[in-house]
Structure formats: structure tokens, C-alpha cells
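Remarks on the structure that follows.
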């Protein structure tokens, strides 16, 4: 209700500068005019300073590290040797790099697709449920969201345990052969399926609940009218629901892509902190290169490449977000 | 919306509703059944891990060695033992400090930056936005080392300071979300206020903030959840001083110490850990829904 009242009358219309009446703007005083351009910087100053320290400094360290030979020896000496682009050259010419990139892309792509697709379905479903059922499903989602990450992962780990796992037990009980003492992480494909389930399971609540909240703003009359005109469920979604929800989809898709590309904890914990190279995604590789075999320079270079790749992958969304700039 | 129910509306349903054909009614009923069965399957999917947590939390030590899933007898004392096993309230207080103060800080510092990134014209705005996004893309595991060095030099290690204080100076995730929310508030509103002689501070306080209140609540909720659940940074910065442990760390320590032997206590602790968040969510649900709704104002 309140949201309806506060919504401005012009809300349906996209504002373009041309539409705005040439306002008889009151001339600000000379001092005010001189100070206007400084306003943004004043608002930003404190944040910029600390962001520079908190985010900029690590970023700078990471970049400079990526141009150095920096191992244990250099760590004790306290300084590395500058080797230019050698780390990058090593990585880019390593066939393993391309395997990991492809693997990360596929993993993130499938995870984002599943999260967004299932999230949308769950959100639409929530809208069609009677209240008690809706509360139950929401409670399940929130419980999964709020559960301590490590507890959740260890529960999943136990469920897929080869010896005591409930999944193997259930499959064997159901008469499926070959799942007694079956190790899910023997084969990367099966292992990644389990990892995918855990990742999507953890990401779904945020997406589904946010989308469900967003759905409340889609005007019901509009959807009803389309349905009366003979539009199918998909057409209604495609032409009515989706455009209205676009800003929310944009945010969620961007965040999901970033998070799923960086997946770390799930793999790390599920594989007992010793994932084999078959399970390396970029985040894991960068970490184990740095802290596992203490080639900090190379690890940093992988992290830098990872950010560049992510920027490329998300550039589609980012462009839209930049274009959405008002004036 | 309630104002619509004029006297005529009372007669409305009877007079206007055509009798729905049986086939359509059957289809609707089938659809409802399908919807509800999917919903039940879904809640089972999401509640099963939780069910395991609850059942393990009620088991005796002997029982955990066995293969059975159902606790018999129920050992409610696990929950009370917990309070003797570790200073639960102290850890809960630390978690609350981190999540509560952190949320206040994130909101206070995020608002002006998001405003500057969404409503003001200045050189470097777009670049700053992309830089902000790219900091979200950095793997935490890698940036943590240089950060750690900063906090060592400041002498903040072993306290909650490295967790809370930086949040008062901006947090990339919050700024990003708030910027997206602010973008959806029609530009005409700020223009109108400017015509009336308002300056940026007044526009921010009187025009943007009242409209963004639900959005801010949503962002606060996200952040509270994140901080409450965060265990990586508290472990890193406060791990060496048990007085500053948060619940999330103590849970992890419990896991490591016991290696399965105290799993029942660990699960009981996990439940106590999750409950406040569930309560907060259901209390905040209405505000939260409005908050997300606001993003579409421009639709």
C-alpha cells in the first residue's frame, strides 16, 4: 500500500532529457555555482579514501605482485624481483590454463543458468501458492539462506559420503546398482554435479526470494488482460513480467555471475581442502598456486586474469547498467 | 486500494461472474495440485539438510556412532550443555556487534556514495562504478593478505575493529545495490526539488531517502545476514583472541575440535545460530518486499 502511494505519478514513463520542460531554474548564487562541481567529490571523499586503502591497496599489491617472481625465498627476503609479463606468459602458454578457464566458464554458466531459471520458477510458484504453503516454502528457503555455510556444506558432505552417506543408502535401497560405497568424487563430472547442487542450493534462496518480492510489482491487471487476449504463460512472462522485472534480473544476474565464477568454499570443503587438479577452477587454482606451492606472483597473475575475464563476461550487463544512467 | 469497494462492488461478483466451464475448473484444480506438489518437493529439498541438523542435534553421543537417522531417545540436554561448553552469549554478543554495527556503517557510508554514483554528474563516475564492480570480482582469498598487513600495522588484529570500522567507509556490495535502487527513482523528482532551490544534500535527505527507505531496509537485511554468517574474516582477524570470537567462528572451532565427536553439539549450536536470522527475516519480510519492489519504479 505504502509503496503505491509513494510511487510518483510519472513512474510509467521513461524520462528523457528532451521531455523535461525547460525549467525556469532559479539562478544559484555565485558561491553555490562555484561549489556545485565539488559536491560529488565531497560525498565520495571518505568512502574513496578508505575504499582506496581497503580495496585499492590490495588491488595494487596484487597487480605489482603479478609482475614479480615472488616465492618463499622472496617472502623471507621481503622483496620480489620484477620479471615483467613472465608470469602472464607462463600462464597463457600453459594448456592447463585454458582447461581451467573453459571449466570455470562452463561451471559458472550452468550454475547461473540453473540459479536464475530455478529462482524464477520458484518465485512464480510462490505467487500461485496458498498462504500456509507459501510460508512453508519461504521458511525452507530462508533456513537454507541463514544456515551457517560450513554447517550446510558439512551436512551435504555427509549426505554424499561414500560410506555413511544417505544418498548412496537411498539409491541402493531403491534398487539402483553400483552405489554401495560409491565415491561421488572419483569422477570429476559426478563430483562437479554434487558441487553444483550445493552451490545452486545455497544461491537459490537469495534469488528466489528477491524475485518473488519483485513480482509483487508486476501489475496483475496487465497480465490478466494479456491472458484474456489469448497469450500463453510463456508469452505473458516474456512480454509483461520480464520487462517490468528487468532491473532486478540485471542485478541478480550480475551478482550470480560474479559469485559463481569465484566459487571456492564449496569445492574446498567438499574435497577436504585438498582438491585434485581435476577440480581446479580459477579461484582454487589461484589460491593453491599462491598458498599451496608458494608461487605468490603467479597466483596473483591468475587472480588478475580472473578479474579481467569476469569483466569481459559481465560486460553485457555492465554496459546496460551504465546506459541506464538517468540524465 | 480498499477505497475501490464501492456499494456496487458488493453485487459485483454475483452479477458479473460467468459460470466457469467444468473443463476450465478441472484444469485449474489440476494446476493447483501440480503447483502444490512441486512446492512440497521443493520445501523438502530445502528443509532436508535442516532436518538432519535437527535430528543430529538431539542425538546422544553413542547414537551418533550408529547409522540410525532418528534420535532415540531425544536428548534435549544438548542445547543446555552447549551453554556450559562454550560462552555462547559472549559469542552471540560479538556476532551481534559485528552484524549490527556493520549494518549501520554500511548503510550510512553507502548512501552518499550511491547517490554520487547514480544522481550526480562528475568526471570519472562511470570508471568509478566499473572499478567498484571489479572489486566485487576479486577473489577474497587473495586480497586478504595485503589487508591483513594493513591491520597488523594499525594494531587492530585480535579485535573486532578490522571487521566493523572499514564498513563505516563503504562496502562495494551495498553501494552497488543502493546505486541500482537509486537509479530507478525518476530523475524528474530531483529536478523538481532542484528547481525549488534544494541543494544536493536536501535532495538526498528529503527526496531520495524517503523513497528508498524500503530499499535501504532490504540492503540492511542482506548485510546483516552476510555479517552474521561471515566466518572467513572474523577467523582471520579475531581468531587469535577467543574473547572476540563470533558465533560463526565458534561453530567452526567446535567442528575442528570435535571432528565429528561433538557433532550433536555443533548442530544444536547451528540451530541456535540460524534461529535469530529466521525471526528477523519474517519480521522484516514486509519491508523487504517493498524494498525490492522499489527497483522497478522506473519500469
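Side notes on the structure shown:
- Residues within region A:279-327 that are modelled with pLDDT of 90 or more, over 17 Å from the mean Cα position of the chain (by Cα) and over 15 Å from residue A:67 (Cα atoms), tallied: 3
- Residue A:221 meets all of the listed conditions (1) more than 30 Å from residue B:226 (Cβ to Cβ); (2) outside any helix (DSSP H, G or I) but one, namely (2).
Results for (1) more than 7 Å from chain A (Cβ to nearest Cβ); (2) surrounded by 21 or more Cβ atoms within 10 Å (Cβ to Cβ), shown as yes or no for each residue.
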{"position": "B:114", "(1), (2)": "yes, yes"}
{"position": "B:117", "(1), (2)": "yes, yes"}
{"position": "B:122", "(1), (2)": "no, no"}
{"position": "B:140", "(1), (2)": "yes, no"}
{"position": "B:150", "(1), (2)": "no, no"}
{"position": "B:163", "(1), (2)": "yes, yes"}
{"position": "B:170", "(1), (2)": "no, yes"}
{"position": "B:176", "(1), (2)": "yes, yes"}
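- Some residue of region A:58-77 being more than 30 Å from residue B:173 (Cα to Cα), part of a loop (DSSP other than H, G, I, E, B), away from chain B (no Cβ under 14 Å) and touching a strand residue (DSSP E or B) at 6+ places or on another chain (Cβ under 9 Å): no
- Unmet requirement for residue B:195, which otherwise passes all of (1) modelled with pLDDT of 85 or more; (2) more than 15 Å from the chain's Cα centre (by Cα); (3) under 14 Å from residue B:105 (Cα atoms): (3)
- For region A:104-133, filtering for residues that are facing chain B (nearest Cβ under 10 Å) and over 20 Å from residue A:241 (Cα atoms) leaves 2.
- If you go through region A:134-179 and pick out every residue that is assigned to a loop (DSSP other than H, G, I, E, B) and either modelled with pLDDT of 85 or more or more than 7 Å from every other protein chain (Cβ to nearest Cβ) (or both), you end up with 11.
- Among the residues listed as A:57, A:107, A:67, A:97, the single one being within 33 Å of the chain's Cα centre (by Cα), closer than 30 Å to residue B:165 by Cβ and at pLDDT 65 or above: A:57
- If you go through region B:124-138 and keep only what is assigned to a loop (DSSP other than H, G, I, E, B) and surrounded by fewer than 19 Cβ atoms within 10 Å (Cβ to Cβ), you end up with just B:124.
- Screening residue A:243 against (1) touching a helix residue (DSSP H, G or I) at 6+ places or on another chain (Cβ under 8 Å); (2) facing another protein chain (nearest Cβ under 10 Å) leaves a single unmet condition, (1).
- Flag for residue A:136 being more than 23 Å from residue B:223 (Cβ to Cβ) and out of contact with any helix residue (DSSP H, G or I) (no Cβ under 7 Å at 6 or more places or on another chain): no
- Total residues in region A:286-327, condition touching a helix residue (DSSP H, G or I) at 6+ places or on another chain (Cβ under 7 Å), closer than 26 Å to residue A:250 by Cβ and not in a helix (DSSP H, G or I): 3
- Pairs where the first residue, in region B:230-241, is closer than 17 Å to residue B:273 by Cβ and assigned by TED's automatic domain parsing to the domain that holds residue B:273 and the second is surrounded by 20 or more Cβ atoms within 10 Å (Cβ to Cβ) and at pLDDT below 80, C-beta under 6 Å, 6+ apart: B:231/B:252
- Residue check, residue A:170 surrounded by fewer than 17 Cβ atoms within 10 Å (Cβ to Cβ) and either under 20 Å from residue B:269 (Cβ atoms) or without any contact (Cβ under 8 Å) to a residue 60 or more places away in the chain (or both): yes
- Residues that are crowded, with 17+ Cβ neighbours inside 10 Å and more than 10 Å from chain A (Cβ to nearest Cβ) within region B:187-206 comprise B:193, B:203, listed in sequence order.
- Test: residue in region B:231-240 that is within 10 Å of chain A (Cβ to nearest Cβ) and farther than 30 Å from residue B:265 by Cβ: no
The values are calculated or read from the model by the stated rules, or taken from the named source; none is laboratory data. Model, not experiment: these values are computed from the prediction. Counting neighbours? That spans all protein chains shown, and the Cβs are built from the backbone with ideal geometry, glycine included.
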